[in-house]
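Colleague: First the structure, which I've put down as structure tokens, then a few questions once you've had a look.
The values are calculated or read from the model by the stated rules, or taken from the named source; none is laboratory data. Nothing here was measured: the structure is a model prediction, and the numbers come from that model. Cβ: placed from backbone, ideal geometry, glycine included. Neighbour counts: every protein chain shown. Accessible surface areas use protein heavy atoms only, side chains included; no ligands, DNA or RNA. Shrake-Rupley method; radii C 1.70, N 1.55, O 1.52, S 1.80 Å.
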Amino acid sequence: MEIIQRYGELLIVITTIFGFFMAFGIGANDVSNAMGTSVGSRVITAKQAIIIALIFECGGAYLAGGEVTKTIQSGIIDAVDYINIPEVLALGMMSALLSSGLWLIVASRFGWPVSTTHTIIGAMIGFACVTVGPKAVHWSKIFNIIGSWFITPFIAGLIAYAIFISMQKLIFDTDEPTNNAQQVGPYYMGLTIVIISIVTMIKGLKHIGLNLSLLTVIEISVLIGIISVVVSYYYFRSERFQRRSKSTFGAVERVFSILMLLTACAMAFAHGSNDVANAIGPLAAVVSIIKHQGVVTNDVAMAWWILPLGALGMGVGLAVMGRIVMATIGSGITDLTPSRGFAAQFATAVTVVLASGTGLPISTTQTLVGAILGIGFARGIAALNLKVIRNIVVSWVITLPAGALFVVIIYSSLRFFFH
């Protein structure tokens, strides 16, 4: 308690810097995933992708990031264990932010797409073990996370494989691919709009008090999907669309480039609204503990400046380092075209919806990588860059222990400095 009373304002300043650093890391690594397929398939340039992602990621973070956040993310540890030692929790949150930010920067530098959620969870585990002890960790949650490393990429890979094969059968391997794309394209459009509407309402708008039942969300999404089928039916047959498509397969791929961009934007908005909490949650916790003279709670109201800070940090990280991970997602695993990129993005969105309904802990990064792998398998094992895949899988496995190791070192240093 003495540390909080004596260094309170300094702790807030330092934690704010660490929170911005963590948000920077999220922008450099995780944000790049949403637009990587669009860049890899050459639908848009890296510069255009950064501008689009900045709008939707920061928009999601700022507009739908929520005013109340969990003190400790994902229920890995319980704030009750720190009621009598609030200064330990404050220093732990600071350590978790810096250690997670460091790991994300390291991973981004090497082009590894890792999970920011799993990074902060690894930091929480390390912090809990060196303060209260292993009993403070809810280990069942950890086993669920480890299981998600295999389950969600597998599900996304299967869905992406099925979507890609359906496109091959219905469009590309036919005598009239352009005509079939015009016939089938509106239904792909409608299905895509239904899924991204569900993603946006469930994942992207859940923090702003939009308390709609699942049935209502589905009904609204289906209605929007039906409207999009009608609109796209006429658009794909318009002279304007034909003028913009210079060849037979150009027309076909343009259909899917539109679908892929729509899905990417929706996923970016949903990601921004959710993952900004990984940076601002611990920051909000420290500010709350200090402002309330050591009172610890599981849910805290955020100061007005915290959410914009997280959005800004994500945007800066994306602009400065986003291209590196974007290259891995877009072209490092397998060669992508608009149709292949759409299949991967669509499969990711569907898996996110399924995971939301079942409560399965999910990493959007790992889901997207699994979907891209599914596309590669559909084209044959030779289409996959196995070296890149190996590096990605290894980075997933070491994310939790890396976060834990960094946090132990940083926490020990902060305890020494503020002793």
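Colleague: Which of T351, V296, C129 sits farthest toward the positive end of the charge dipole of the chain, with +1 on the Cβ of Lys and Arg and -1 on the Cβ of Asp and Glu?
Modeller: T351
Colleague: Over all distinct alpha-carbon pairs, what is the Kirkwood Rh of the range 304-367 in angstrom?
Modeller: With all distinct Cα pairs of the range 304-367 included, I get 14.1 Å.
Colleague: Follow-up. Relative to the Cα centre, what is the charge dipole magnitude of the chain, using +1 at the beta carbon of each Lys and Arg, -1 at the beta carbon of each Asp and Glu, and rounding to the nearest 20 debye?
Modeller: 820 debye
Colleague: Rounded to whole Å and ordered largest first, report the semi-axes of the equivalent ellipsoid of the range 82-229 derived from its Cα gyration tensor (root of 5λ).
Modeller: Square roots of five times the eigenvalues give 43, 21, 14 Å.
Colleague: Taking the chain as the reference, fit the longest principal axis to its C-alpha atoms, fit the long axis of helix 2-29 to the helix C-alpha atoms, and give the angle between the two in degrees, 0 to 90, nearest 10.
Modeller: Helix 2-29 and the main axis of the chain meet at about 20 degrees.
Colleague: While we're here: In degrees from 0 to 90, rounded to the nearest 10, what is the angle of the helix 364-379 Cα long axis to the longest principal axis of the chain?
Modeller: Between helix and principal axis, roughly 30 degrees.
Colleague: Right, another one. Compute the convex hull volume of the Cα atoms of the chain, divide it by the residue count, and report the result per residue in Å³ as a whole number.
Modeller: Per-residue hull volume (Cα only) is 123 Å³.
Colleague: If you average 1/r across every pair of different Cα atoms in the range 141-184 and take the reciprocal, what Kirkwood value do you get, in Å?
Modeller: Computed over the range 141-184, the radius equals 12.4 Å.
Colleague: For the range 286-419, what size does the Cα cloud have along each of its three principal axes, sorted from largest down, in whole Å?
Modeller: The principal-axis extents, from largest down, are 60, 32, 32 Å.
Colleague: Would you be so kind as to identify which of V230, A284, G92 lies farthest towards the positive end of the dipole of the chain, taking Lys and Arg as +1 and Asp and Glu as -1 on Cβ and the Cα centre as origin?
Modeller: V230
Colleague: If I take every Cα pair under 8 Å that is 6 or more residues apart in the chain, average their sequence separation and divide by the length, what percent do I get for the relative contact order?
Modeller: 39 percent
Colleague: Okay, next question. Percent of accessible area on the chain owned by carbon and sulfur, 1.4 Å probe?
Modeller: 67 percent
Colleague: Something else now. Just for the Cα atoms in the range 351-419, what are the lengths along the principal axes, largest first, rounded to whole Å?
Modeller: 59, 34, 11
Colleague: Moving on to the next point. Alpha carbon centre of the range 326-342 versus the range 363-379: separation in Å?
Modeller: Centre-to-centre (Cα) distance: 10 Å.
Colleague: When only C-alpha pairs under 8 Å and at least 6 residues apart count, what is the relative contact order of the range 1-141, in percent?
Modeller: Computed value for the range 1-141: 36 percent relative contact order.
Colleague: Using alpha carbons only, how many degrees (0 to 90, rounded to 10) separate the axis of helix 248-291 from the longest principal axis of the chain?
Modeller: Tilt relative to the chain: about 10 degrees.
Colleague: Where does each of 371-378, 109-116, 216-223 land if you order them by average Cβ count within 10 Å, highest first?
Modeller: My ranking of the peptides, most packed first, is 371-378, 109-116, 216-223.
Colleague: Can I ask one more? Counting only C-alpha contacts under 8 Å and six or more residues apart, can you give the relative contact order of the range 96-240 as a whole percent?
Modeller: Normalised by residue count, the contact order of the range 96-240 is 18 percent.
Colleague: Among 179-188, 228-237, how do they line up by average Cβ neighbours within 10 Å per residue, starting with the highest?
Modeller: 179-188, 228-237
Colleague: Continuing with this model, one more query. Of the listed peptides 272-279, 168-175, what is their order by residue-averaged count of other C-beta atoms within 10 Å, with the highest listed first?
Modeller: 272-279, 168-175
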